[in-house]
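The next block holds one structure in the form of structure tokens; read it before the comments.
The values are calculated or read from the model by the stated rules, or taken from the named source; none is laboratory data. Fair warning: this is a prediction, and the values are worked out from it, not measured in the lab. Neighbour counts are summed over all protein chains in view; Cβ atoms, including those assigned to glycine, are modelled from backbone coordinates with ideal geometry.
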Amino acid sequence: MAITPQQVVFILLSVLTLGCGLMVVLSRNLFHSALWLVGSFFGVAALYGLLEAEFLAVAQILIYIGAIATLIVFATMLTRGMMLGRMKMSNFQSGISGVVAILLLGLLVLVLLQVSWPTEALPVPDDTIAMIGNAFVSAYVIPFEVVSVLLLVALVGAIMIARER
Amino acid sequence: MGQLLEIIKDPAQLGPWFHNLLLSLGLSAELASLVGDVIGVLLLLIMVLTSAIFLIWGERKIAARLQDRVGPNRAGPYGLLQTMADIVKLLTKEDVTPAGADRVSFNLAPALSVMQIIMVAAIIPIGAGVVAVGLNVGLLYFVAFSGLAAMGALMAGWSSNNKYALLGGFRVVAQLLSYEIPLIFTLLAVVLLSGTMNTNSLAEAQGVRYFGFIPGWYGLLMPFAFVIFFVAALAEGERAPFDLLEAESEIVAGFNIEYSGMKFAWFFLQFFVNSLILSALAATVFLGGWQGPFVDQIPVLGIVYFSIKTLLVLFALMWVRATYPRLRIDQMMGFCWKVLVPAALVTVLLAAVIWKLPVSENIRAVLLSGANIVALVATLGIIGAQLRKRVQRRQTATPAATVQV
């Protein structure tokens, strides 16, 4: 079986994503971890791009890199010992998180084996973004509204906590 | 020869023509697209970088004239070669890395900044159909990649191991993220009207004429949104009165304080190209982009119209920068969250409601335009009244009362 250029790109992007993800946990500097996380997010965005899901790719960059990663970097810069660099890589919770990680892996493997994945690529519609927009206000209107309310509550709550009394 | 004339008349045909030329030379279709794409990327890169050279000269010259100075006038005619001289100087300067700096992020930050701005440039349609990437999610792409600017500045600020740089980095995040919100809302209002996020289709949609002669530019339909966009663009472009990121009197130079030589030049380049791209986007979204008389017959005119509009917006940006003093950081953030964000929400509401009214297109356009002007005047009135009240309070307050406050 010959490897198509698309597969080569996919493998490279996967290596980038997973490698960066690994470096997030292996890096001894909190700031570097945050930057590796950005690299990992980029890899995921590029994978979406490879699947011609341009809206998801751009949304990934906008939300995960533009907002979440920036916030994480911002928050880590405010923590103590930041400029010193060296951090301990584990703490007293490592046992519990190990168990959770193994359980999650088991779940993912189960899903991977149970679901019959489509192997034929479906044709990508031309204007996916209009379809996504229509789906939001027709078939998925209730989940969409629930998520909106949840975000609003989170926003109000964050302001209430941060407010000076 | 006739084909060449056709291409000069309609530059959008250049890409397909080049693709066919490569095919006739015996390249496979995939390889031909790859070569075409690589050349396209290089063209974009060269265009952005060379335009920056003249922009820097132009900005210095215009700012000088506005401030009753002469500006650069030694290197070349009218000082045209001043930027070249600056580049040579920056290239030959010593490349200093401060002690205790985080080397990798310190070196990566300028590259990330420039990469970000050139990626944003890819969606700007400079003529009818002349666009590097015709993305369906063009505007969202613009918003996503302009958000990366904060990341580059944050990296630079942290890795420099300098507290002024760090403060500058914090300010970048606060300012860019805050002012991005009104910017996005005004773009959202435009998307509501046009029903597309593709930048080229946006320009195309503004080709309609109301009452047969008034151009359907979104800047005319929604002057309030355009004003908000312009103010937010001033802040996003890190320009005075919002240049708190490099406020020399407070934090010396901001996040790029420790950079020297070519690495500093990259941040400088990002700054100037950022203004150019923001002006180009304003021209595309609010001033009709490449639309203008006779564009249908001779599409190459679109490039001329687009350039004129972009330069006009850019000139306005320079004008404001050369005229107004800097705000305080709390004033700046307050202005964004208390004035611009609610105002931008109002424009979105106006666009959403009025554009669905069951009346003819012409009346809708008049209503939207009128409502925008009313909202603009009302906002200015409220701000004015508040400021007057504040000034009066300060004048009547006794020193003892001020201490208590």
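List of remarks:
- Hey, B:GLY302 under 18 Å from B:THR199 (Cα atoms), modelled with pLDDT under 85, of a type outside the set (S, T, N, Q) and part of a loop (DSSP other than H, G, I, E, B) or not: no
- Filter pass, A:PHE55 being of a type outside the set (Ser, Thr, Tyr), in contact with a helix residue (DSSP H, G or I) (Cβ under 7 Å, 6 or more places away or on another chain), more than 12 Å from chain B (Cβ to nearest Cβ) and more than 30 Å from B:GLY169 (Cβ to Cβ): no
- Some residue of region B:124-136 being under 24 Å from B:ASN198 (Cβ atoms) and within 9 Å of chain A (Cβ to nearest Cβ): yes
- Test: residue in region B:140-157 that is in contact (Cβ under 8 Å) with a residue 60 or more places away in the chain, crowded, with 20+ Cβ neighbours inside 10 Å and among the polar types (S, T, N, Q): yes
- Contact map, region B:14-43: first residue in contact (Cβ under 8 Å) with a residue 60 or more places away in the chain, second residue surrounded by 13 or more Cβ atoms within 10 Å (Cβ to Cβ) and outside any helix (DSSP H, G or I), Cβ cut-off under 7 Å, separation 6 or more or different chains; pairs are B:GLY40/B:ALA132.
- Residue check, A:ALA69 within 14 Å of another protein chain (Cβ to nearest Cβ), closer than 25 Å to A:ALA135 by Cα and modelled with pLDDT under 85: no
- Residue within region B:271-282 that is of a type in the set (S, T, N, Q), outside the structural domain of B:MET47 (by TED's automatic domain parsing) and over 15 Å from B:MET318 (Cβ atoms) present: no
- Every residue from region B:158-175 that is surrounded by fewer than 24 Cβ atoms within 10 Å (Cβ to Cβ), over 16 Å from A:ALA34 (Cα atoms) and of a type in the set (A, V, I, L, M): B:LEU166, B:LEU167, B:ALA174
- Search result, residues across region B:152-173 that are at the interface with chain A (Cβ under 8 Å from one of its Cβ atoms) and among the aliphatic types (A, V, I, L, M): B:LEU154, B:MET155, B:LEU166, B:VAL173
- In summary, B:PRO241 fulfils each of the numbered conditions (1) surrounded by fewer than 20 Cβ atoms within 10 Å (Cβ to Cβ); (2) of a type outside the set (Gly, Ala, Ser); (3) more than 19 Å from the chain's Cα centre (by Cα) with the single exception of condition (3).
- Inter-residue pairs, beta-carbon under 7 Å, first away from every other protein chain (no Cβ under 14 Å) and farther than 23 Å from B:ASN198 by Cα and in region A:128-145, second surrounded by 11 or more Cβ atoms within 10 Å (Cβ to Cβ) and at pLDDT 85 or above, 6+ apart: A:PHE144/A:PHE136
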